[in-house]
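For reference, the structure I am asking about is given below.
The values are calculated or read from the model by the stated rules, or taken from the named source; none is laboratory data. All values reported here derive from a predicted model rather than from experimental measurement. Positions of Cβ are backbone-derived with ideal geometry, glycine not excepted, and every protein chain shown enters the neighbour counts. Ligands, DNA and RNA are stripped out before the accessible areas are found, and what is left, the full protein with its side chains, is counted by its heavy atoms. Shrake-Rupley method; radii C 1.70, N 1.55, O 1.52, S 1.80 Å.
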Amino acid sequence: MTMLTDYTALSFDVYGTLIDWESGIRENLRPLTDRLDHEMSADDVLELHAKCESSQQAQTPARRYSDLLATVYRRFAEVCGLAVDWDECRRYGESVGNWPAFPDSADALAYLKQHYKMIVLSNVDNQSFAGSAEKLKIQWDAICTAEDVGAYKPAQANFDYLLLRLDELGIGKSDLLHTAESMFHDHVPARANGLTNAWIYRRHSKQGFGATMDPGQLAETTFRFNSLAEMAEAHQKAVA
């Protein structure tokens, strides 16, 4: 049976897994959603954002995430029939570094860091990630961003880049456990690349896929936890 202790490195999605991006998205879309003449549910807001974001990432894969999100904000407004100026759009794009971490992220990462090499694989730009990294409070062994790659997950280029970094770090593919929430962005392409994976199922008590697109068929998962704290606790038990 596969054990958490069988691995020497973890690669992490960040937004949705470590950073509570759904709260960040909803809060920073309020200048739009508060102006609507009808109420949108939280899931409706997130699902519309996912459609706008995924489409824009496919159309402009080399664009920095903060700049891309500014366009997503404008597209969201257009769908809702609202007018916005570019300064308002730009402020939304620049909000990423202020989105909150999940309450368990920093402590669980600090524990896991004692046992694994820790790698970021994130659909973000470097400046935005720097703001998030302050909340996560660990020293990463490698940081792979969409800005570095010039593409957004689930594009193959992101996983090619990750595997290249593994080689540089002297980490075997079989020694890596890819750890993420999103089926669409992470688990489906990770499994296609022969990676084992841990699903941090933050949305376990909710319906749908929230701020990520429906992946269609769910990917197989090696491990499933409802939080990162659960994963750290499972590792402690495996060690004991």
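Residues of the range 27-57 being open to solvent by 80 Å² or more (accessible area, probe 1.4 Å) and modelled with pLDDT of 95 or more, which ones?
Glu27, Arg30, Asp34, Arg35, Lys51
Just checking, does the range 186-199 include any residue being over 23 Å from Lys173 (Cβ atoms), in contact (Cβ under 8 Å) with a residue 24 or more places away in the chain, touching a helix residue (DSSP H, G or I) at 6+ places or on another chain (Cβ under 6 Å) and surrounded by fewer than 17 Cβ atoms within 10 Å (Cβ to Cβ)?
Scanning the range 186-199 turns up no residue that is over 23 Å from Lys173 (Cβ atoms), in contact (Cβ under 8 Å) with a residue 24 or more places away in the chain, touching a helix residue (DSSP H, G or I) at 6+ places or on another chain (Cβ under 6 Å) and surrounded by fewer than 17 Cβ atoms within 10 Å (Cβ to Cβ).
Would you point out the residue of the range 126-143, among those that are under 13 Å from Asp13 (Cα atoms) and touching a residue at least 60 places away in the same chain (Cβ under 8 Å), that is surrounded by the fewest Cβ atoms within 10 Å (Cβ to Cβ)?
Leu136
May I pose another question? Quick one: would you say Thr33 is over 23 Å from Tyr152 (Cα atoms) and among the hydroxyl-bearing types (Ser, Thr, Tyr)?
Considered against the rule, which asks whether it is over 23 Å from Tyr152 (Cα atoms) and among the hydroxyl-bearing types (Ser, Thr, Tyr), Thr33 comes out as yes.
It is to be established whether one or more residues within the range 69-89 are polar (S, T, N, Q) and more than 19 Å from Ala130 (Cα to Cα).
yes
Pull up the range 58-84, narrow it to residues that are basic (Lys, Arg) and outside any loop (DSSP other than H, G, I, E, B), then point me to the one that is surrounded by the fewest Cβ atoms within 10 Å (Cβ to Cβ).
The residue in question is Arg75.
Collect the residues in the range 5-49 that are outside any helix (DSSP H, G or I) and aliphatic (A, V, I, L, M), keeping them in residue-number order.
Ala9, Leu10, Val14, Leu18, Ile19, Leu29, Leu36, Met40
Considering the range 102-119 alone, what residues qualify as being under 30 Å from Ser55 (Cβ atoms) and either without any contact (Cβ under 8 Å) to a residue 40 or more places away in the chain or open to solvent by 30 Å² or more (accessible area, probe 1.4 Å) (or both)?
Phe102
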